[in-house]
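Since the structure comes first, as structure tokens, the remarks are kept for the end.
The values are calculated or read from the model by the stated rules, or taken from the named source; none is laboratory data. Since this is a predicted model, take the numbers as computed values, not measurements. With ideal geometry, Cβ positions are generated from the backbone for all residues, glycine too; neighbour counts draw on all protein chains shown.
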Amino acid sequence: MFSVLRNLGWFFRREKKRYAIGLILLIVAGVLELLPPRLLGNAIDDIVSGSITASSLMKYIGMIVLMLLIIYWITYIWMHKLFGGSNLVERLLRSRFMNHLMTMTPSFFERNRTGDLMARATNDIRAVSATVGFGMLTLVDSTIFLTVVLLAMGFLVSWKLTLAAVLPLPLIAIAMIFYGKAIHDRYSLAQDAFGDMNDQVLESVSGIRVIRAYVQERHDEKRFSDITEDVYHKNMAVARVDSFFEPTIRLCVGLSYIIALTYGIYLVFRNQITLGDLVSFNMYLGMIVWPMFAIGELINIMQRGGASLERIDETLNSKPDVQDIAQPVSVAEPATIEMKDVTFRYPSSTIDNLSGVCFSLTQGQTLGVVGRTGSGKSTLLKQLLHEYPTGQGEILISDVPIGQIALDQLHSWMGYVPQEQILFSKSVRENIQFGHHGASDDRIMDAITAAAFQNDLGTLSDGLDTLVGERGVSLSGGQKQRVSISRAFIANPDILILDDALSAVDARTEAKIIENIREERAGKTTLISTHRLSAIEHADLIVVLDNGQITERGTHQELLDMNGWYREQFDRQQVENNLTNE
């Protein structure tokens, strides 16, 4: 049960001063709370014996008020320390979780659902933070404070009465062991169901246009209703076990009260304790009600925190498929790019997605990659990003294997525009500045002009300050592509990768962008995959892929002379262009 505290040892060691002060003051406050009942009992004995005076009564009242004020200030300090630690560990875990996600490779996100990761970053982290805050409070109160109260009952009142009153308490321990295991198992299932629900919400929101286009609103509502019903039932399973805690404790505490009252009155009549002792004892007995409840809360919160920490650690302990070697090689610049007999297969694939790929580029050259849909164009380009473990063969940059180059240095050379443009829920300016933080408006306009987006800018409601919405929902497909291209242009990378990044623009706009690429990127390497052959006619080398293999290679004219797939596709597109122009 307490494994969660052991696994959080790194945090307690880091914040040992905070927790030392908080826990010591919590114990001190608990000890001081024992004094008012004893003072009240003494006052009652004085009243019964007739020895009470006005001055002694004021003395009792003054001492009780003073104790309450001291307890107030001490309680304020320990609550600030303990619950401040709860907020701190939540911040640390969330930052560590997010930073870890940023280091993970695509295969990790293929194995882990976004909704489940969100559940771990929210609900699970909150459950762990509750463990180091409220959990520490219940731990101290259910052990040390309970022990102190029992000792006070025994030493200050009567051991006989104390032993009789605590007879029902072992029943609580037995029940807590049973309830704790059930809570752990059911809470884990409930959190998994919550992750499924998050996934469903994300899919429905991101795909709302498709859902409406196919009139699937009712079906999607039914699917979401089924998932929420599952979440409800699994959380109710947790609640059913949780609801046993309080009645069980109340039953045992009630039995203790009956025993204490019955046996206490008997001891009063036998003159073994005074009436004031019995009043003090019942007040102490009332004080152990919270520690009894704290035992239940402790089991509950520790089991929830343990289940959540296991889920968080499962993510944090995942290792990226691609990591820097111990001593990476420093490369001044990507003077050459070369693939030697590269064969690659995705981790989830059963066939080779690239097979025997060979080509070489020198700095300043352009590579065009064409082929049928699913032929491996994107896979080839992504090899330079080194997102997956290198397959067979070699990928060399400046004659250094890509695996020996630090990932940060490798990615600093790259400007990447994927097929699916990712825009952030910010303004057009901020999305473009993502490629170069702090870029001036003049530089932004240069990048926009290079991407042939300047005319569209005037149609936006607030120009550069127009919010693009989530994933750029307020922009058209062509506009999103050109904002993404602007972002890549402003970064001025040594290697620009355009993965079918011109598919949503018309032929005239495409020709303008290609012309700008040739002018702006003179002396820098560019790789372009496309279905529209006019985009790569200028390329120094063009490769045609089919089922992951290069079937044709050469310049535009050389490929036309081969009379193969490239020539056939080129002629077809020329006919289509002529018909469109007519």
Please state which of the following conditions residue 434 fails to meet, knowing it meets all the rest: (1) among the aromatic types (Phe, Trp, Tyr); (2) surrounded by 22 or more Cβ atoms within 10 Å (Cβ to Cβ); (3) within 21 Å of residue 413 (Cα to Cα).
(2)
Looking at region 268-309 only, could you name the residues that are touching a residue at least 24 places away in the same chain (Cβ under 8 Å) and farther than 27 Å from residue 147 by Cα?
307, 308, 309
Among residues of region 260-316 being modelled with pLDDT of 80 or more and among the acidic types (Asp, Glu), the residue farthest from residue 184 (Cα to Cα) is 277
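Restricting to region 26-42, name every residue that is more than 19 Å from residue 52 (Cβ to Cβ), aliphatic (A, V, I, L, M) and in a helix (DSSP H, G or I). Break it down stepwise before answering.
Going through region 26-42, the residues more than 19 Å from residue 52 (Cβ to Cβ) turn out to be 26-34.
After this cut, where a residue has to be aliphatic (A, V, I, L, M) as well, the list is 26-29, 31-32, 34.
Within region 26-42, 26, 27, 28, 29, 31, 32 qualify.
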When you go through (1) assigned to a helix (DSSP H, G or I); (2) touching a residue at least 12 places away in the same chain (Cβ under 8 Å) one by one for residue 430, which number turns out not to apply?
(2)
Looking at (1) in contact with a helix residue (DSSP H, G or I) (Cβ under 9 Å, 6 or more places away or on another chain); (2) surrounded by fewer than 15 Cβ atoms within 10 Å (Cβ to Cβ), which one does residue 397 not meet, given that it meets all the others?
(2)
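Could you check, for region 83-99, whether at least one of its residues is more than 43 Å from the chain's Cα centre (by Cα) and buried (at least 17 other Cβ atoms within 10 Å of the Cβ)?
no
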Wholly within region 89-142, which helices (runs of 4 or more DSSP H) include no fewer than the required count, namely at least 3 residues that are out of contact with any Leu (no Cβ under 7 Å at 6 or more places or on another chain)?
106-111, 114-119, 125-132
Of all residues in region 241-260 being farther than 13 Å from residue 295 by Cα and hydroxyl-bearing (Ser, Thr, Tyr), which is surrounded by the most Cβ atoms within 10 Å (Cβ to Cβ)?
256
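Every residue, every condition in (1) among the charged types (D, E, K, R); (2) touching a residue at least 24 places away in the same chain (Cβ under 8 Å), yes or no:
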site: 479; (1), (2): no, yes
site: 535; (1), (2): no, yes
site: 553; (1), (2): yes, yes
site: 557; (1), (2): no, no
site: 575; (1), (2): no, no
